[in-house]
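What follows is a set of notes on a single structure, which appears directly below.
The values are calculated or read from the model by the stated rules, or taken from the named source; none is laboratory data. Given the structure is predicted, the values throughout are model-derived calculations rather than measurements. All Cβ positions, even for glycine, are placed from backbone atoms using ideal geometry, and neighbour counts span all protein chains on display. The protein model used for the area step is the full one, side chains on, heavy atoms only, and it has no ligands, DNA or RNA in it. Shrake-Rupley method; radii C 1.70, N 1.55, O 1.52, S 1.80 Å.
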Amino acid sequence: MKVCILSGNPKKDGLCQSVIDAAKQGVTEGGAEVDEIRLGDFKLIRCQVCGDGWGPCRDENYCKFGKDGFDEIVARIESSDAIIFASPVYWGETSETFKSFIDRLRRCEFNGQKVLRDKQVLMIASAGGTGNGLLTSLEQMDRFCRHTGMVIFDYIGVNRWNSDYKKIAVKAAAYAMASGRKTEK
Ligand SMILES: Cc1cc2nc3c(=O)[nH]c(=O)nc-3n(C[C@H](O)[C@H](O)[C@H](O)COP(=O)(O)O)c2cc1C
């Protein structure tokens, strides 16, 4: 079993990364391999909205600009059995890196591709400022998961004053997912 962590966090330390580290620990202790995909390590472009609104993403399930790292990331997701989404909250949404990546990926999944369909997903948002925007960020991830047919395992919102007990929950959720707690759709 392999679990990939799709991370929209640009930082290598801080609240969001400490939450991701808790998730990694849970996955490993649950007996699965982790692949942390740090979207910020790539020079990904945003969706170019080809043609009249669709490019080959619609009928051929690929992005014609995929050589920017998008194709590599999709392949890593495809080879994973379950996914953890992790993003800091920026402006009450997921980070721009995360948001623009899922915009592109959703298009490629729209018409029959099965990279995400039926894969379990644990969604994590961390709000390090006011703490506002957790629900809207998780809702943004949730909408993507519903469009792409993923199987929702859980949602966890972390802020500066709940992080002690939420990190425990993140680790436990990652452990439960990695060790096969939910086996049916
Ligand atoms: C552009 C930007 C917008 C942000 N917007 C919010 C926000 O709407 N709500 C919030 O609680 N924190 C906000 N923050 C703080 C981040 O959520 C915080 O940096 C993130 O949770 C990660 O914490 P960390 O930097 O310690 O890893 C924002 C940060 C940035 C850089």
**Message:** Checking residue 40 against (1) out of contact with any Pro (no Cβ under 7 Å at 6 or more places or on another chain); (2) not in a strand (DSSP E or B): exactly one of these is not met. Which one?
**Reply:** (1)
**Prompt:** If residue 126 passes every condition in (1) within 14 Å of the ligand (Cβ to nearest atom); (2) under 19 Å from residue 22 (Cα atoms); (3) among the small types (Gly, Ala, Ser); (4) part of a helix (DSSP H, G or I) but one, which one does it miss?
**Reply:** (4)
**Request:** Filter the range 137-169 down to residues that are surrounded by 15 or more Cβ atoms within 10 Å (Cβ to Cβ) and among the hydroxyl-bearing types (Ser, Thr, Tyr) and give me whichever is farthest from the ligand (Cβ to nearest atom).
**Result:** 148
**Prompt:** Residue check, residue 22 against (1) of a type in the set (Gly, Ala, Ser); (2) within 15 Å of the ligand (Cβ to nearest atom); (3) open to solvent by 30 Å² or more (accessible area, probe 1.4 Å), all met but one. Which one?
**Reply:** (3)
**Message:** If I ask for residues that are small (Gly, Ala, Ser), closer than 27 Å to residue 181 by Cβ and surrounded by fewer than 17 Cβ atoms within 10 Å (Cβ to Cβ), which ones from the range 76-125 would you list?
**Reply:** 79
**Message:** Please determine whether any residue of the range 101-123 is within 16 Å of the ligand (Cβ to nearest atom), modelled with pLDDT of 95 or more and either touching a Gly at 6+ places or on another chain (Cβ under 8 Å) or not β-branched (Val, Ile, Thr) (or both).
**Reply:** yes
**Item:** Single unsatisfied condition, residue 94 versus (1) at pLDDT below 95; (2) under 20 Å from residue 41 (Cβ atoms)
**Value:** (1)
